[in-house]
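Comments concern the structure below.
What follows is calculated from the coordinates using simple rules that are stated; it is not laboratory data. Please read all numbers here as calculations on a predicted model, not as lab measurements.
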Amino acid sequence: MHKEAGRITLAVEMYIFVLALIFGVLIYILFNVIRLPMALKWGIAGLLTLLILLGACIFAPLFGRSVRHSLDGNILHVSYGVLLKYIVNVDFRRVVYITKIRGPFERMSGVVVLAFYFSGGCVFVPVGDNTKAERYIRKWTQRIR
């Protein structure tokens, strides 16, 4: 298994971090500032948890579907991200191998991540779904040869 399998990209990590921070502040306020019965506090905390999990489940597929790419000459330009834009430019003549990453995050969210291996490292590109990923692999593999 590749060492980066299951890698969550920076924008998703930031989104989850911000949600966790907001969640922590709300729970602190709920349990230390507001005077309510303990059962009601735990009920509100449970609802907040469900709300944050629902937000993460909605955001992850949006993130994967935000990919924009173009191939100008031999340069592959890829940008993706909902909150933060991540832009990659790769000389396509240097790409050696393209594969799909099947980590736990990808299986959970349904977002397929392609890994472009080239002589200078590796670039990860999230694409919408499996059929789109297969189409990209076929299209771009023909350009490699």
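Counting only residues 5 or more places away or on other chains, whose amide H sits under 5 Å from the amide H of Gly103 once H atoms are built in the peptide plane?
Distant-sequence amide H within range of Gly103: Gly6.
Could you list which residues have their amide H under 5 Å from that of Val112, counting only those 5 or more apart in sequence or on another chain, with H placed in the peptide plane?
Under 5 Å from the amide H of Val112 lie the amide H atoms of Val127, Asp129, each far enough along the sequence or on another chain.
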